[in-house]
Amino acid sequence: MMREAVILAGGLGTRLRSVLPDTPKVLAPIGKHPFLYYLLHYLATQELSRVILSLGYQHQLVQQWLAEADKGQFPFEIQTVVEPQPLGTGGAISLSMSYALAAQVFVLNGDTYFPISLSDMEQLHQSMKKPITLAACYLEDTGRYGSLEIDETHHTVKSFQEKRDRKPGWINAGIYCIDRTWWTSKPFPEIFSFEKGVLETMVHYHAESSLVAVFQANQFFIDMGIPEDYIRAQQMIPAYARI
């Protein structure tokens, strides 16, 4: 069975400009390697056939790093897709889906490290028969992210809560399993936000029978979206990945 993943790596990384002024987030130095190195090494354990890198800002630097990297350490094909203009997360997914072949495609945020079992997530996705499954992580403080209201019985997302209280709960951890034919059949605009335009809309308008399933995992998680967490990642990711 073919298994593919898309890494969303085209963002401008504006919140990290103070520490990474001219570097795409996937090439952010973490210890001895760029963040993409750790992400690809995690994916190398997940029985993938192909990884599609969705690129935009400073895409030439990512392509240069890939050209110089030892491809033998990654047991899958790596394909790059470059946005002709900033497309938003939704537009980037649509562009990448046009190159994908698998029935279900995993989509990962390019600034998040959450090394879950994609096989387990795929099994849940197939059993739930929903077009989208998102991975959720439990945090003691959800204030920076906002939280998920989850129907624990039916493994679905009931609502997305705003970033307010610093309380424990489940957050959207930035990994998705999406039915490719469902996605490509939709008349999505060229430029749009996946989170706002798809996830929140689907949950809001189908609250009683959510179309978004959830895979809950208590796993190491770090999001490098802000300088403080990027600094934390310097020690935490190499220690966890043991690379």
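The values are calculated or read from the model by the stated rules, or taken from the named source; none is laboratory data. Everything numeric here is computed off the predicted structure, so don't read it as measured data. Every residue, glycine as well, gets a Cβ built from its backbone with ideal geometry; the counts of neighbours run over all protein chains shown.
Right, S94: under 23 Å from A173 (Cα atoms), touching a Leu at 6+ places or on another chain (Cβ under 9 Å) and not in a strand (DSSP E or B) or not? Spell out how you get there, then give the answer.
Values: under 23 Å from A173 (Cα atoms): yes; touching a Leu at 6+ places or on another chain (Cβ under 9 Å): yes; not in a strand (DSSP E or B): yes.
Taking the combined requirement at face value, the residue satisfies it.
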All positions within segment 200-227 that are modelled with pLDDT under 90 and either in contact with a Phe, Trp or Tyr (Cβ under 6 Å, 6 or more places away or on another chain) or charged (D, E, K, R) (or both): E208, M224
Can you report the number of residues in segment 5-18 which are over 13 Å from the mean Cα position of the chain (by Cα), farther than 18 Å from I237 by Cα and buried (at least 17 other Cβ atoms within 10 Å of the Cβ)? 2
Six or more apart or on different chains, Cβ atoms under 6 Å: show the pairs whose first residue is in segment 95-116 and closer than 21 Å to Q234 by Cβ and whose second is among the hydrophobic types (A, V, I, L, M, F, W, C) and in a helix (DSSP H, G or I). G110/V26; Y113/I237
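Every residue, every condition in (1) under 21 Å from E122 (Cα atoms); (2) part of a strand (DSSP E or B); (3) polar (S, T, N, Q), yes or no:
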| position | (1), (2), (3) |
| --- | --- |
| I150 | yes, yes, no |
| H154 | yes, no, no |
| D165 | no, no, no |
| A173 | yes, yes, no |
| T201 | no, no, yes |
| H204 | no, no, no |
Would you confirm whether any residue within segment 47-67 is over 26 Å from I191 (Cβ atoms), modelled with pLDDT of 95 or more, polar (S, T, N, Q) and more than 16 Å from the chain's Cα centre (by Cα)? yes
Does at least one position in segment 19-40 carry a residue that is part of a loop (DSSP other than H, G, I, E, B), surrounded by fewer than 18 Cβ atoms within 10 Å (Cβ to Cβ), at pLDDT 95 or above and out of contact with any strand residue (DSSP E or B) (no Cβ under 8 Å at 6 or more places or on another chain)? no
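For T89, state whether it is modelled with pLDDT of 95 or more and in contact with a helix residue (DSSP H, G or I) (Cβ under 8 Å, 6 or more places away or on another chain). Spell out how you get there, then give the answer.
Numbers: modelled with pLDDT of 95 or more: yes; in contact with a helix residue (DSSP H, G or I) (Cβ under 8 Å, 6 or more places away or on another chain): yes.
Here the answer is yes, as T89 does meet what is asked.
Each row is one residue, and each column tells you yes or no for (1) surrounded by 14 or more Cβ atoms within 10 Å (Cβ to Cβ); (2) more than 20 Å from the chain's Cα centre (by Cα).
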position	(1), (2)
D120	no, no
T142	yes, no
G146	yes, no
T156	yes, no
D165	no, yes
P168	no, yes
I191	yes, no
F194	yes, no
Conditions (1) under 24 Å from F220 (Cβ atoms); (2) in contact with a Pro (Cβ under 9 Å, 6 or more places away or on another chain) -> M121 fails only (2)
For segment 4-18, check the following and say yes or no: at least one residue is part of a loop (DSSP other than H, G, I, E, B) and closer than 24 Å to R180 by Cα. yes
Give the residue that is modelled with the lowest pLDDT, with candidates limited to residues of segment 69-82 that are closer than 17 Å to A5 by Cα and surrounded by 14 or more Cβ atoms within 10 Å (Cβ to Cβ). F74
